[in-house]
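Peer 1: Here it is: the structure, laid out below.
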There are 4 protein chains.
Amino acid sequence: MRSFASDNWSGVHPVIMDALINANVGHHAAYGDDDYTRYAQELFRSIFGPKSSAYFVFTGTAANILALENTSHSFSAIICSEHAHINVDECGAMEKHTGAKLVVLPTNNGKIRPEQIKPHIKTERFPHQSEPAVISITQVTELGTVYSLEEIKALADLAHENGLYLHVDGARISNAAEALHTDFKTMITDTGVDILSFGGTKAGMMFGEAVVFLKPELDKYFELYRKQAMQLSSKMHYIAAQFIALLTKDLWKQNAANANAMARYLADSLKQFPEITLTQEVQSNGIWAIIPEELAEKMQKAQFFYPWDEKKSEYRIMTSWDTSKKEIDDFIKAIKA
Amino acid sequence: MRSFASDNWSGVHPVIMDALINANVGHHAAYGDDDYTRYAQELFRSIFGPKSSAYFVFTGTAANILALENTSHSFSAIICSEHAHINVDECGAMEKHTGAKLVVLPTNNGKIRPEQIKPHIKTERFPHQSEPAVISITQVTELGTVYSLEEIKALADLAHENGLYLHVDGARISNAAEALHTDFKTMITDTGVDILSFGGTKAGMMFGEAVVFLKPELDKYFELYRKQAMQLSSKMHYIAAQFIALLTKDLWKQNAANANAMARYLADSLKQFPEITLTQEVQSNGIWAIIPEELAEKMQKAQFFYPWDEKKSEYRIMTSWDTSKKEIDDFIKAIKA
Amino acid sequence: MRSFASDNWSGVHPVIMDALINANVGHHAAYGDDDYTRYAQELFRSIFGPKSSAYFVFTGTAANILALENTSHSFSAIICSEHAHINVDECGAMEKHTGAKLVVLPTNNGKIRPEQIKPHIKTERFPHQSEPAVISITQVTELGTVYSLEEIKALADLAHENGLYLHVDGARISNAAEALHTDFKTMITDTGVDILSFGGTKAGMMFGEAVVFLKPELDKYFELYRKQAMQLSSKMHYIAAQFIALLTKDLWKQNAANANAMARYLADSLKQFPEITLTQEVQSNGIWAIIPEELAEKMQKAQFFYPWDEKKSEYRIMTSWDTSKKEIDDFIKAIKA
Amino acid sequence: MRSFASDNWSGVHPVIMDALINANVGHHAAYGDDDYTRYAQELFRSIFGPKSSAYFVFTGTAANILALENTSHSFSAIICSEHAHINVDECGAMEKHTGAKLVVLPTNNGKIRPEQIKPHIKTERFPHQSEPAVISITQVTELGTVYSLEEIKALADLAHENGLYLHVDGARISNAAEALHTDFKTMITDTGVDILSFGGTKAGMMFGEAVVFLKPELDKYFELYRKQAMQLSSKMHYIAAQFIALLTKDLWKQNAANANAMARYLADSLKQFPEITLTQEVQSNGIWAIIPEELAEKMQKAQFFYPWDEKKSEYRIMTSWDTSKKEIDDFIKAIKA
């Protein structure tokens, strides 16, 4: 079965599967006290800079919660887009685990802007209302768009001028880096991001995400929070081995490049159908489009994808590290048939 | 590297690794809406009976929390042993996630008894104190001992007579079933257990545990709680495929039988050292023993294991599904040398 | 000092103060097991109907949280207005204590409408998102407007058709009942409201609010939740005595009638100033108005009131049970001067 | 009605009632921004020293939770006695609101000792277990005993040497100060206590407790936590006015002296009944005694008091600020009759 449903419907990249097989020898100290984990953490540090630290968890939701648990109190407000995964796709996990309130900003393209945030920042303590502590953005956004380096830097500056932190939900951070023709350090460390949820699963891993703290002290209590958040893997070296494979020889970039290219190729191919209207710029590995319902159903039979906004007859079509040109060509052929 | 540190230092059983490799084909619907997951859930139902339901999570801590989140309120009390994993090994996760209070009972052998529990049961509402909702036991206990079927049934009866639930933390449930020469249904369903945390990782999996509800309705909100608890795996079929391998052709029993037999063999071998005194009956895959410090250090150099109670010079030696007779013989030889 | 800042700047009505003095004799069983509390609870039942039950807490925030703790899970969504006290005036207390997510609807006049709510209701379980459990409205709203009986009933019907509850934050419920020329039972019980936060402090008490459950079972765990929420008063008969005074001989109505009438009188008096534009209909004891900054400052010196929306130069002027005609006349005179 | 049930069955001292009446004039800024509150806070500072700060809340449970919310994380452990109010009388409020774990130490007389605490202190981070953050003691203890200044200082020293805080639950702190013939500063500030819950209700107030932080920074987020904990009183000056009355002209001491003296007098009077055995030293305003059931029932008819440990036929008899010698003489007479 193949699909355009989501990049988490795809399997494990063969190089990563080989890494898992190779890691399955002998005993390894549990809970991350092993050489694979140490090596993978060092690898992250070499990528994000000497002041950074990286830790492994199971899911993207966990990465987001644990990224913010260190920098939020229960009375804090976390500022994010209305489309943010932490707002609409995590069943209220952020509220439950941190106790904090989400302050939700409207957006047409998934990106939030400094001028939207400013009115929510407080210049003095006002105990009747939650106190903003973090700005959280998603890169690639939930609408497939990509913040530019300047946009990220502007948000980081705004955050820091006001004693806030900037968090990036990077479930698809590889796709963003590839799309911007940049590297992780330039996009994240150098723009001033404080904390990053680094996506592994959608990048071709079986399971595993990383929380990357870009500055010292932000990870102060991370290990206690992680254990308490049920995210301490006992056989952690299997996550570490996957990340080592992903980050070595630029496998992350190769996977992202294919997914991104296939989305562009598919978008281009769809232009021949005048009934289809793209609603977002195709900047990474997703396509948002208004498609007449009848046509959409026909397309979904050829290869499944999800409705996005049923009222508008808008759909989301996702490519993955394993999407092939042939698959797209077949898809187009099937639609035409 | 080999060790007697813990059964979670061992790797993935080859049959399970093959299952992962075989599952890595094509796309699969995310978040458990796939055939592997459905099949694995059906397999659990066939084992535990038609009223049961099973769900997959990442860690044992998560299994325990999610087992109890459905049946506890924030004002509830959860009664357990002082050695319970939920009390001393989960960084306060139960308190944080459920809000409930742990009522902790002393025990010499890891087992709690009905007469210890009775004084804590309330016959009428008393809002100044947490209200008992669940009795939680561990099978195999944290001291390597195993509750008999009669002991489990007595606790289940006590719970039900008083409107409480009985939960079993079964991180090593396979070892217990094998040790009792029984099957899961007889030990769990037929004794009246309400909820079971079913261990996968220590039984030879890479990651993955199951929460098994033995009665209808107990899983009413499970899927919402699981997502909120950051435990919804996107590529869930990789957990399911492992459980299918573990539960098919009695691989669980074969793995447990080896671990248990090796613990007995090692315990027997240690009897030749009069300085070593076993402190618990060897009923599963762990050995608790007082060992003079100097001797212990020598032994740990041969193959590492953990101190248990440094004040008493007591140590814990764990065998695993992959422990071999030769490994033990070499260990004994090394000590003698 | 007098003010138009808020109805909680006023003191204790003399009849209620007398009730406190009279209740200060001898000993009374603590924690509500006393005759005053029983009598006051019975009084509430006689007002709201035989299926209702009432309990006392300290603050309005507490009443709101405890109203919803029984009917929400941590994965629940609570639907409310963007202006709702639970959203903007309680420092995130709802999120922290229930774990639930607030779904916030825009509104011009403080009232939310069924058609805004419907898109948020789910017809089947979807574990990625919080599950709506409660619609919460404020009566009198935070903008001084009052829901009609029909509007309340429509919301209650919508809630019940979809398995939700309707909660009313009634910090100023007396003002609403007086404004609608109705009684509490007609406005609350008969329209189908499930849970009511009944305001005491703003109605002329020293401290104390009530949570009224209109249907059986909704108070099932209330007493445990109240104790755990630090809201169990040890000398509870002092709250009860105040409520008895407030609810006997229609003192609540007399207080509300004065506050409401004084707001109308003040609004009428302000009409002589063409620079002042009322922004909300004056339906209870508050006036919202755009006032040129210079004029506003002059007025605030005469008698203080708060800015509401500084960008729009909008202000809120509140009257209270103790506001007098003379006070208003003096205020107008001072402005003119 | 009179009783020996608890010091919270008694009413409001007339001087305090007068203070409430006198404070009931005009308007006062809400939420503590008033002169009474400022004066009362200054009064506390003058008593506890220039580095201290005091804030008002409604209940003793709230004071304890809010005392510790600033200094505990959800992964923290709070070390206390098995009899601690936070452990057995607050319906699990501490666990719910802070997320922390209570580490409970056994005690015969209500006091915990440094040597019991030391084994629970960790010298390095161990993320599998909650990390001790606070030692919490009760003064007067829940068994009527009183820590000496030396005992408090030893616990404070132990706490500080290990990066922990010392909290005192002082619901009956006035009785303790009077019993030790000392003042609050000597007992609390000078021994090194970090945070104090200062009891008002049991000392003769209608409602209201204070949280006193003895060191700067410990109150950093208090006002946000208090609002979120539903403990921000809108008409706060009524709490402040009571505290001003209590702390002026040593009313606190006069009240405590009477309660303590009456307990001693009652204890002495009970010595004539050889069937009655005191089980704790009478150091404050409570008597613990084993009394044959038949005799106890007769006594309870004369004036009610609570059983403490029904299995041992042990009872608790409490005196209050309003207990009189005549009342005790009548009680003794009634028993003899």
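Each row is one residue, and each column tells you yes or no for (1) buried (at least 22 other Cβ atoms within 10 Å of the Cβ); (2) more than 7 Å from chain A (Cβ to nearest Cβ); (3) modelled with pLDDT of 95 or more.
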| residue | (1), (2), (3) |
| --- | --- |
| B:Ser3 | yes, no, yes |
| B:Trp9 | yes, no, yes |
| B:Pro14 | no, yes, yes |
| B:Met17 | no, no, yes |
| B:Leu43 | no, yes, yes |
| B:Phe75 | yes, yes, yes |
| B:Cys80 | yes, yes, yes |
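Peer 1: Restricting attention to segment D:97-105, does a residue exist that is over 19 Å from B:Met94 (Cα atoms) and open to solvent by 60 Å² or more (accessible area, probe 1.4 Å)?
Peer 2: To start, the set of residues in segment D:97-105 that are over 19 Å from B:Met94 (Cα atoms) comprises D:105.
Checking which are open to solvent by 60 Å² or more (accessible area, probe 1.4 Å) leaves us with none.
Looking for residues that are over 19 Å from B:Met94 (Cα atoms) and open to solvent by 60 Å² or more (accessible area, probe 1.4 Å), one finds none in segment D:97-105, hence no.
Peer 1: Tell me yes or no: at least one residue of segment B:241-251 is over 23 Å from B:Phe44 (Cα atoms), open to solvent by less than 10 Å² (accessible area, probe 1.4 Å) and touching a residue at least 24 places away in the same chain (Cβ under 8 Å).
Peer 2: Within segment B:241-251 (the criterion being over 23 Å from B:Phe44 (Cα atoms), open to solvent by less than 10 Å² (accessible area, probe 1.4 Å) and touching a residue at least 24 places away in the same chain (Cβ under 8 Å)), the answer is no, since none of the residues qualifies.
Peer 1: Okay, next question. Please determine, by comparing only the residues of segment A:184-199 that are in a helix (DSSP H, G or I) and of a type outside the set (D, E, K, R), which one is farthest from the other protein chains (Cβ to nearest Cβ).
Peer 2: Checked segment A:184-199; the qualifying residue farthest from the other protein chains (Cβ to nearest Cβ) is A:Thr186.
Peer 1: Something else about it: On the given criteria, is D:Gly110 open to solvent by 10 Å² or more (accessible area, probe 1.4 Å) and modelled with pLDDT of 95 or more?
Peer 2: So D:Gly110 does not fit the description; no.
Peer 1: Another one. Tell me, yes or no, whether segment D:49-59 has at least one residue that is touching a His at 6+ places or on another chain (Cβ under 9 Å), of a type outside the set (Ser, Thr, Tyr) and either modelled with pLDDT of 95 or more or open to solvent by 10 Å² or more (accessible area, probe 1.4 Å) (or both).
Peer 2: No: segment D:49-59 contains no residue that is touching a His at 6+ places or on another chain (Cβ under 9 Å), of a type outside the set (Ser, Thr, Tyr) and either modelled with pLDDT of 95 or more or open to solvent by 10 Å² or more (accessible area, probe 1.4 Å) (or both).
Peer 1: Also, quick follow-up: What single numbered condition from (1) assigned to a loop (DSSP other than H, G, I, E, B); (2) within 20 Å of the chain's Cα centre (by Cα) fails to hold for B:Ser234?
Peer 2: Exception for B:Ser234: condition (2).
Peer 1: Return the only residue of A:Gln254, A:Gln272, A:Gln283 being part of a loop (DSSP other than H, G, I, E, B) and farther than 25 Å from A:Val88 by Cβ.
Peer 2: A:Gln272
Peer 1: Among the helices (runs of 4 or more DSSP H) contained in segment B:15-88, which hold 2 or more residues that are in contact (Cβ under 8 Å) with a residue 60 or more places away in the chain and not aliphatic (A, V, I, L, M)?
Peer 2: Correct list: B:35-48, B:60-69.
Peer 1: Return yes when D:Asn22 is at pLDDT below 95 and either at the interface with another protein chain (Cβ under 10 Å from one of its Cβ atoms) or open to solvent by 10 Å² or more (accessible area, probe 1.4 Å) (or both) and no when it is not.
Peer 2: No.
Peer 1: Turning to a different aspect of this structure: What number goes with the only condition from (1) surrounded by 20 or more Cβ atoms within 10 Å (Cβ to Cβ); (2) more than 9 Å from every other protein chain (Cβ to nearest Cβ); (3) in contact with a Lys or Arg (Cβ under 8 Å, 6 or more places away or on another chain) that D:Ala30 does not pass?
Peer 2: The failed condition is (2).
Peer 1: For segment D:113-136, which positions are within 14 Å of chain A (Cβ to nearest Cβ), open to solvent by less than 40 Å² (accessible area, probe 1.4 Å) and assigned to a loop (DSSP other than H, G, I, E, B)?
Peer 2: D:Pro127, D:His128, D:Ser130
Peer 1: Could you figure out which of (1) more than 30 Å from C:Val25 (Cα to Cα); (2) of a type outside the set (Asp, Glu); (3) within 15 Å of the chain's Cα centre (by Cα) isn't true of C:Val211?
Peer 2: Only one criterion in (1) more than 30 Å from C:Val25 (Cα to Cα); (2) of a type outside the set (Asp, Glu); (3) within 15 Å of the chain's Cα centre (by Cα) is unmet by C:Val211, namely (1).
Peer 1: Facing chain C (nearest Cβ under 9 Å), out of contact with any Cys (no Cβ under 8 Å at 6 or more places or on another chain) and of a type outside the set (Lys, Arg) - does that describe any residue in segment A:99-107?
Peer 2: Let us first name the residues in segment A:99-107 that are facing chain C (nearest Cβ under 9 Å), namely A:99-102, A:104.
If we keep only those that are out of contact with any Cys (no Cβ under 8 Å at 6 or more places or on another chain) too, we end up with A:99-101.
Filter once more, so that each one left must be of a type outside the set (Lys, Arg): A:99-100.
For segment A:99-107, residues facing chain C (nearest Cβ under 9 Å), out of contact with any Cys (no Cβ under 8 Å at 6 or more places or on another chain) and of a type outside the set (Lys, Arg): present.
Peer 1: Looking at segment A:66-101 only, could you name the residues that are hydrophobic (A, V, I, L, M, F, W, C) and within 13 Å of the chain's Cα centre (by Cα)?
Peer 2: Those that are hydrophobic (A, V, I, L, M, F, W, C) and within 13 Å of the chain's Cα centre (by Cα): A:Ala67, A:Ala84, A:Ile86.
Peer 1: Can you give me the number of residues within segment D:86-96 that are over 11 Å from B:Phe75 (Cα atoms) and not polar (S, T, N, Q)?
Peer 2: Count: 3.
Peer 1: Any residue that is over 30 Å from C:Pro127 (Cβ atoms), open to solvent by less than 40 Å² (accessible area, probe 1.4 Å) and either at pLDDT below 95 or away from every other protein chain (no Cβ under 14 Å) (or both) - is there at least one of those in segment A:137-154?
Peer 2: Yes, segment A:137-154 contains at least one residue that is over 30 Å from C:Pro127 (Cβ atoms), open to solvent by less than 40 Å² (accessible area, probe 1.4 Å) and either at pLDDT below 95 or away from every other protein chain (no Cβ under 14 Å) (or both).
Peer 1: Here is a list of conditions, (1) at pLDDT below 95; (2) crowded, with 24+ Cβ neighbours inside 10 Å, and A:Cys91 meets all of them except one; can you say which number that is?
Peer 2: (1)
Peer 1: Could I ask something else about it? Of all the residues that make up segment A:168-178, how many are within 12 Å of A:Leu214 (Cα to Cα) and either over 11 Å from the mean Cα position of the chain (by Cα) or open to solvent by 10 Å² or more (accessible area, probe 1.4 Å) (or both)?
Peer 2: 0
Peer 1: Here is a follow-up. Of all residues in segment B:288-312, count the ones that are without any contact (Cβ under 8 Å) to a residue 60 or more places away in the chain, under 12 Å from B:Ile276 (Cβ atoms) and buried (at least 17 other Cβ atoms within 10 Å of the Cβ).
Peer 2: So the count comes out to 4.
Peer 1: Restricting to segment A:270-287, name every residue that is among the hydroxyl-bearing types (Ser, Thr, Tyr) and either open to solvent by 60 Å² or more (accessible area, probe 1.4 Å) or more than 26 Å from the chain's Cα centre (by Cα) (or both).
Peer 2: A:Thr277
Peer 1: Inspect all residues belonging to segment C:179-192 and state whether any of them is under 16 Å from C:Ala67 (Cα atoms), open to solvent by 10 Å² or more (accessible area, probe 1.4 Å) and in contact with a strand residue (DSSP E or B) (Cβ under 6 Å, 6 or more places away or on another chain).
Peer 2: No, segment C:179-192 contains no residue that is under 16 Å from C:Ala67 (Cα atoms), open to solvent by 10 Å² or more (accessible area, probe 1.4 Å) and in contact with a strand residue (DSSP E or B) (Cβ under 6 Å, 6 or more places away or on another chain).
Peer 1: While we're on this one: With the structure loaded, tell me whether D:Ala261 is surrounded by 18 or more Cβ atoms within 10 Å (Cβ to Cβ) and either in contact (Cβ under 8 Å) with a residue 12 or more places away in the chain or under 22 Å from D:Tyr147 (Cβ atoms) (or both) or whether it fails that test. Talk me through it step by step, then tell me what you get.
Peer 2: Numbers: surrounded by 18 or more Cβ atoms within 10 Å (Cβ to Cβ): no; either in contact (Cβ under 8 Å) with a residue 12 or more places away in the chain or under 22 Å from D:Tyr147 (Cβ atoms) (or both): yes.
No, not satisfied.
Peer 1: Scan segment C:200-230 residue by residue and report those that are among the acidic types (Asp, Glu) and more than 7 Å from every other protein chain (Cβ to nearest Cβ).
Peer 2: Listed by number, the residues that qualify are C:Glu209, C:Glu217, C:Asp219.
The values are calculated or read from the model by the stated rules, or taken from the named source; none is laboratory data. Being a predicted model, the structure only gives us computed values, none of them experimental. No Cβ is skipped: glycine too gets one built from the backbone with ideal geometry, and neighbour counts run over all protein chains shown. In case anyone asks, the SASA skips ligands and DNA or RNA and just uses the protein heavy atoms, side chains included. Shrake-Rupley method; radii C 1.70, N 1.55, O 1.52, S 1.80 Å.
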